[in-house]
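Written out below as structure tokens is the structure these notes cover.
The values are calculated or read from the model by the stated rules, or taken from the named source; none is laboratory data. No experiment lies behind these values; they were computed from the predicted model shown. As a convention, Cβ positions derive from the backbone with ideal geometry for all residues, glycine included, and neighbour counts pool all protein chains shown.
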Amino acid sequence: MENSKGSMAAISVSLKLATRALRQNLLSTLVAVFTVSLSGGLFLGAWKTKQSVKLAFAHSAGGFDAVLGARGSQLQLVLNALFHLENSPGNLDWEQYETIRSHPGVSEAYPFALGDNYLGYRLVGTMPELFLNHQWKSGTNYQVRSPGRIFSESAKEALVGAEVARELGLQLGDRFHPYHGLEYNPDRKHNDIYLVVGILEPTGTPTDQVIWIPLRGVQTMEGHDPEEANSISGVLLNLKGSSGLALDVKYNKQGDRATLAWPVPAILSSFFNRFAWLERSVAALALLMALVGGLIILATLRSTMHERRREFAVLRCMGASRAVVTGSILWQSILLSAFGALGSWIIYFLLSMAVSSLIHLQIGVGMNLPMLDGMALLTGGGILMLGLVSAWFPARKLYRSSLQESLNPHG
Amino acid sequence: MQFLSVENLHLSFRSPNGKSQPVVQVPAFSMEHNQQLAIKGPSGSGKTTFLHMLAGVLTPDSGQVRIDGQSLGAMNESDRDQLRSGMIGYIFQSFNLLNGFSCIENLLLAMSLNGASNLDRARSLLDKVGLIDREDHLPGQLSIGQQQRVAIARALINRPKLVLADEPTGNLDPTNTDRSLELLRSLCKEWGSALILVSHDPRVIGKFEHQVDWEELNQINGSKEVEVGKQ
């Protein structure tokens, strides 16, 4: 009981000495905490952003298993059809749509056509059934904000994605002229006028970044090639069971007119693998910064130790044990690291929010809010370990140091 | 039984050229409870080293120190730490207050090293040394004389049986020297603490009834026994 009381008192004194030392060396404390926070935050941010973006992309595929498009790159097809990025690799004939729609392995098939924009936001032509029948997320259909409705197949009407409506201030009853091409060019305005009849509820997917119009609208837009009036950019597909394998053989291995992008998650993975070098570079940079953080903690401790050498000697004269003075160095490091870990989480949170809003703004993919999960806690633990390792050598040196030298004894 | 006794205390330091250089060689020294003793001697002659050995901060090459019946040589480091925190108060020439701590916190820290915490006692002692109105001031915000009074209060806060004062007035002007000495001696007397003060200042030494000449006590080349009060 006495011993444990004494130990608690020793810990309390060590902690008090450590907090005062940090406060007395506020500038170097802040620099050390900032550096450690930055390295931890970048490391965590890079890691978690990669994970979240992957997850967000996987969840933002709009509930489709595959995309059929012109012969070309599967990745380009997926990015173009589901994420509304990149250019269309080409067109398909209407017959190809009808062929795949009637395939027994296909449960859903929605043709789409691209080629126009409104103030930089893509116009995608498709069929109203997409919004009536398709579940973009398990058990969830698209919802149109009341009192709007889905466009009619034969009218010049538009259903506007939530983000487009917010950004452009589009409301029910507004009319607009589409512009030719996927990029906005004020000189390429079509004469057609479209009426906004509905605004979609937000989904956190690229659907929010698109203005949806009838398929015929894109095909027959004034100025488009009449010979292309029966062509489409691709078909969004949901497949039954293992039919993907058979269709893959049919279109990709044996056929030469179209490409089936399937399975979408694997294609997205290949997309992210392209950035593996970037991921490795960021990880290497973060590790380098962690090393710098550790060295800064070490330098901070050594510098304060030098200044506090006499203070430690005085404390020993007053009866402080070696454990108390050594403990104060360890506490100092633990506190620096703990603030560093906290700072890392804050930087990670801010970084993730920034990346999340940037990605959402650019391509409409919504990311989950950053959370203090296992990896974040592990990084915090790693920072604490780094601090303890950095403190080990100065603490050991202090533990072994002679009081005689510090007190200048030849009085 | 003597409160403090020293037998054949010897300590050498290794000089830069590698030779062993004796610094302290005290054949015998003793003092009673509650006594107040001044050791006079020039700077750099080993007086502080002697005090450090009395406090158990330094371990002698040979010989022994007994305080209140306990032999320091027979104690382990932890026991000596406890002895210092509870039984010994140490006052430095340069005060050595902890700069990041206020006056009252310096006292409370010394108490906590002895496993105690008593704000009222700390405030009462600060009041005795005339600094209660400065209790929250940092050492840097005090005059030299005030700092030394805080140092005296810190050394006495645990009511030690032995106070070791190493040139405590070396940095003070005559007025503050007199005031600090008076304060130190009266508090030691009031609380029954023995006091050993080392100084090179004859004016300070002259205020003590019991005086020892360090150059006679420290017999690097000879031998002499000193029993305070029976010289």
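Among A:Asn87, A:Asn80, A:Asn91, which is exposed (fewer than 15 other Cβ atoms within 10 Å of the Cβ), touching a residue at least 60 places away in the same chain (Cβ under 8 Å) and out of contact with any Cys (no Cβ under 7 Å at 6 or more places or on another chain)? So that I can check it myself, show each step before the final result.
Details: A:Asn80 fails: exposed (fewer than 15 other Cβ atoms within 10 Å of the Cβ); A:Asn91 fails: exposed (fewer than 15 other Cβ atoms within 10 Å of the Cβ).
Testing whether each residue is exposed (fewer than 15 other Cβ atoms within 10 Å of the Cβ), touching a residue at least 60 places away in the same chain (Cβ under 8 Å) and out of contact with any Cys (no Cβ under 7 Å at 6 or more places or on another chain) leaves just A:Asn87.
So if I check each of A:Ser270, A:Ser281, which one is hydroxyl-bearing (Ser, Thr, Tyr), in contact (Cβ under 8 Å) with a residue 60 or more places away in the chain and outside any strand (DSSP E or B)?
Just one listed residue meets the conditions, A:Ser270.
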Say whether the condition of being within 20 Å of the chain's Cα centre (by Cα), outside any loop (DSSP other than H, G, I, E, B) and either at the interface with chain A (Cβ under 10 Å from one of its Cβ atoms) or over 30 Å from B:Asn218 (Cα atoms) (or both) is met by at least one residue in region B:59-68.
no
Inspect all residues belonging to region B:111-129 and state whether any of them is of a type in the set (Gly, Ala, Ser) and within 30 Å of B:Trp214 (Cβ to Cβ).
no
Quick one: would you say A:Ile100 is out of contact with any Phe, Trp or Tyr (no Cβ under 7 Å at 6 or more places or on another chain) and farther than 26 Å from A:Leu55 by Cα?
yes
Members of region B:173-206 found to be closer than 20 Å to B:Thr48 by Cα, touching a residue at least 60 places away in the same chain (Cβ under 8 Å) and among the basic types (Lys, Arg), listed by number:
B:Arg185
Quick check on region A:192-215: of everything there that is more than 30 Å from the chain's Cα centre (by Cα) and outside any loop (DSSP other than H, G, I, E, B), which residue is nearest to A:Arg149 (Cα to Cα)?
A:Val197
Hits in region B:69-97 - residues which are under 28 Å from B:Gly140 (Cα atoms) and under 14 Å from the mean Cα position of the chain (by Cα):
B:Arg84, B:Ser85, B:Gly86, B:Ile88, B:Gly89, B:Tyr90, B:Ile91, B:Phe92, B:Gln93, B:Ser94, B:Phe95, B:Asn96
Out of the residues in region B:100-116 that are within 9 Å of chain A (Cβ to nearest Cβ) and not hydrophobic (A, V, I, L, M, F, W, C), state the one that is surrounded by the most Cβ atoms within 10 Å (Cβ to Cβ).
B:Gly100
Conditions: (1) crowded, with 22+ Cβ neighbours inside 10 Å; (2) within 14 Å of chain A (Cβ to nearest Cβ); (3) in contact with a strand residue (DSSP E or B) (Cβ under 9 Å, 6 or more places away or on another chain). B:Leu184 meets all but one. Number of the miss?
(2)
Can you confirm whether region B:34-42 contains a residue that is free of Cβ contacts under 8 Å to residues at least 60 places away in the same chain and within 14 Å of another protein chain (Cβ to nearest Cβ)?
no
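Filter the strands (runs of 3 or more DSSP E) completely within region B:128-215 down to those with at least 2 residues that are modelled with pLDDT of 90 or more and in contact with a Phe, Trp or Tyr (Cβ under 6 Å, 6 or more places away or on another chain).
Hits in region B:128-215: B:162-166.
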Would you check which residues across region A:47-70 are charged (D, E, K, R) and under 24 Å from A:Lys240 (Cα atoms) and list them?
A:Asp65
Among residues of region A:228-241 being touching a residue at least 40 places away in the same chain (Cβ under 8 Å) and over 29 Å from the mean Cα position of the chain (by Cα), the residue farthest from A:Val218 (Cα to Cα) is A:Gly241
Residue satisfying condition, being at pLDDT 85 or above and within 13 Å of chain B (Cβ to nearest Cβ), within set A:Leu315, A:Leu335
A:Leu315
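Can you tell me which residue in region B:118-169 is surrounded by the fewest Cβ atoms within 10 Å (Cβ to Cβ), limited to those that are among the hydrophobic types (A, V, I, L, M, F, W, C), within 14 Å of chain A (Cβ to nearest Cβ) and under 21 Å from A:Gln24 (Cβ atoms)?
Quick first cut of region B:118-169, residues among the hydrophobic types (A, V, I, L, M, F, W, C) only: B:119, B:122, B:125-126, B:129, B:131-132, B:138, B:142, B:144, B:150-153, B:155-157, B:162-165.
If we keep only those that are within 14 Å of chain A (Cβ to nearest Cβ) too, we end up with B:138, B:150-153, B:155-157, B:162-165.
From what's left, under 21 Å from A:Gln24 (Cβ atoms): B:138, B:150-151.
Numbers: B:Leu138: 16, B:Val150: 25, B:Ala151: 26.
Here the answer is B:Leu138.
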Given the residues B:Leu97, B:Leu72, B:Leu172, which is the only one that is buried (at least 17 other Cβ atoms within 10 Å of the Cβ), away from every other protein chain (no Cβ under 13 Å) and under 30 Å from B:Gly206 (Cβ atoms)?
B:Leu172
Flag for B:Leu51 being modelled with pLDDT under 90 and among the aliphatic types (A, V, I, L, M)
no
When region A:216-243 is checked residue by residue, the ones that are surrounded by fewer than 23 Cβ atoms within 10 Å (Cβ to Cβ) and part of a helix (DSSP H, G or I) are A:Arg216, A:Gln219, A:Pro226, A:Glu227, A:Glu228, A:Ser243
Going through region B:75-94 one residue at a time, which ones are free of Cβ contacts under 8 Å to residues at least 24 places away in the same chain and more than 9 Å from every other protein chain (Cβ to nearest Cβ)?
B:Met75, B:Asn76, B:Asp79
